[in-house]
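For reference, the structure is listed below as structure tokens.
The values are calculated or read from the model by the stated rules, or taken from the named source; none is laboratory data. The structure displayed is predicted, hence computed values, not measured ones. Counting neighbours? That spans all protein chains shown, and the Cβs are built from the backbone with ideal geometry, glycine included. Keep in mind that these areas ignore ligands, DNA and RNA; they rest on the heavy atoms of the full protein, side chains included. Shrake-Rupley method; radii C 1.70, N 1.55, O 1.52, S 1.80 Å.
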Amino acid sequence: MFRSATASSLASRFFISINHPRIAPLTIPLASFTNHAPIPANGTNHLHQNGSSKDDYNRRKQRTAGPLHFIAASSFLSWFSKKSDDENTPESQLITIIKRSILSIQKEEYQKAEQMLHLALKMAQDLQSKDGITYIYDIMANLAMEVGDFAKAEKLFVNVMQRLFSDGFLEDHIKMLHISSKVAHLAQLQGHLDKAAQGFEWTLAKLEEKLKQLGDDNAKEIRELWGITKNWYAQLLMESKRFAEAKQAFLQAYEAYTEIHGMLTEEGLTILNNLSVACSNLEDYASAERFLKEAIALAAQIPDLSEAGVYKANLGLLYLQQGLLRQASEFCTFAWRYGKQHKHEETVQQASYCLEQIKAMEK
């Protein structure tokens, strides 16, 4: 005899909601730094729901397919280059050390990067470079966020914000809003959900005001930050079990992200996966299946995507939740093999749980 599965019986361990790491840019120009974490759920479906603890964040980092991406910008470098083109000037040496620290972060050599940033900070202080000091603090804050030292990251971001205030930046300047979004996310990661909600809602309101003021041609950066913040806010809503609101926030984040970056990105697939989590918790299984199948189809076009197996396992678990054991077994078996082949522990664990539940239900 098969035993039927009810939503409540599987709700404590069901879908995996993935929070992808590479989404939040550096506050100060010269580089774009992205940080965003795939974390397992606490008490919702086992489709990969985003957690808020440091351990969850570090587990996400172990699954991530590579280091942070930095994209060169020009403002800080241009500020120095106006002073001198001589590569042996103190300013040029400072720029070189900053670049090397960023390269170390890209290589995930975090201790080396930390040491170089402290050296760069001392040089910037000796040069009395206010912009340089602020920029280095911003990199330090992002580095602390990346390695999971959230309290340190928050303290450094507040320092950066205070320095920007002293330089005449208003609270709704895009640099300030970048920091506000990150501080809210840090509060979420530390479990301070009320503080995080207030921060996200304030930041989103300011960004929406700016979007109304600007034309489409001038709003790309603000639109992207709005999408990043919406995605983080959606994760918070999931933790608060406000699933209908989370679904809408994920939909808005996905639209903003794909509008700028296209559909064939890991980040976009992450949001699709998380949409399926929200729909599953709302018992809207048709929509959950549709979003997962879309993620699976797009993942097939991205070579060696480590999370592809998780999407398959999630679809198997979705079928399991509905008592469709044959379909569940097909997708979870595939996911288990995929995880073994690609040495992706999260996929193996997810698929194994699914297969164990199928066996239990078949008794």
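Some points to look at:
- Hey, F291 surrounded by 24 or more Cβ atoms within 10 Å (Cβ to Cβ) and within 16 Å of the chain's Cα centre (by Cα) or not: no
- Only a single criterion out of (1) free of Cβ contacts under 8 Å to residues at least 60 places away in the same chain; (2) touching a Leu at 6+ places or on another chain (Cβ under 8 Å); (3) over 29 Å from L320 (Cβ atoms) is not satisfied by F250, namely (3).
- Only one of the listed residues (E208, E171, E224, E239) is open to solvent by 30 Å² or more (accessible area, probe 1.4 Å) and within 22 Å of L282 (Cβ to Cβ). That residue is E239.
- Per-region count, the range 161-174, residues part of a helix (DSSP H, G or I) and either closer than 17 Å to I105 by Cβ or among the charged types (D, E, K, R) (or both): 1
- Residues being of a type in the set (A, V, I, L, M), farther than 14 Å from S180 by Cβ and without any contact (Cβ under 8 Å) to a residue 60 or more places away in the chain - total across the range 193-215: 2
- Exclusive hit being closer than 20 Å to L170 by Cβ, part of a helix (DSSP H, G or I) and among the basic types (K, R), set K195, K230, K182: K182
- Residue in the range 341-353 that is among the aromatic types (F, W, Y), out of contact with any Asp or Glu (no Cβ under 7 Å at 6 or more places or on another chain), within 25 Å of E283 (Cβ to Cβ) and touching a residue at least 60 places away in the same chain (Cβ under 8 Å) present: yes
- Taken as a whole, the structure places L177 among residues that are surrounded by 22 or more Cβ atoms within 10 Å (Cβ to Cβ) and of a type outside the set (S, T, N, Q).
- Flag for S166 being over 19 Å from the mean Cα position of the chain (by Cα) and open to solvent by 60 Å² or more (accessible area, probe 1.4 Å): yes
- Note on the range 97-140: residues that are more than 20 Å from F169 (Cβ to Cβ) and not in a helix (DSSP H, G or I) total 4.
- Any hit, the range 294-305, residues being among the polar types (S, T, N, Q) and open to solvent by 40 Å² or more (accessible area, probe 1.4 Å): yes
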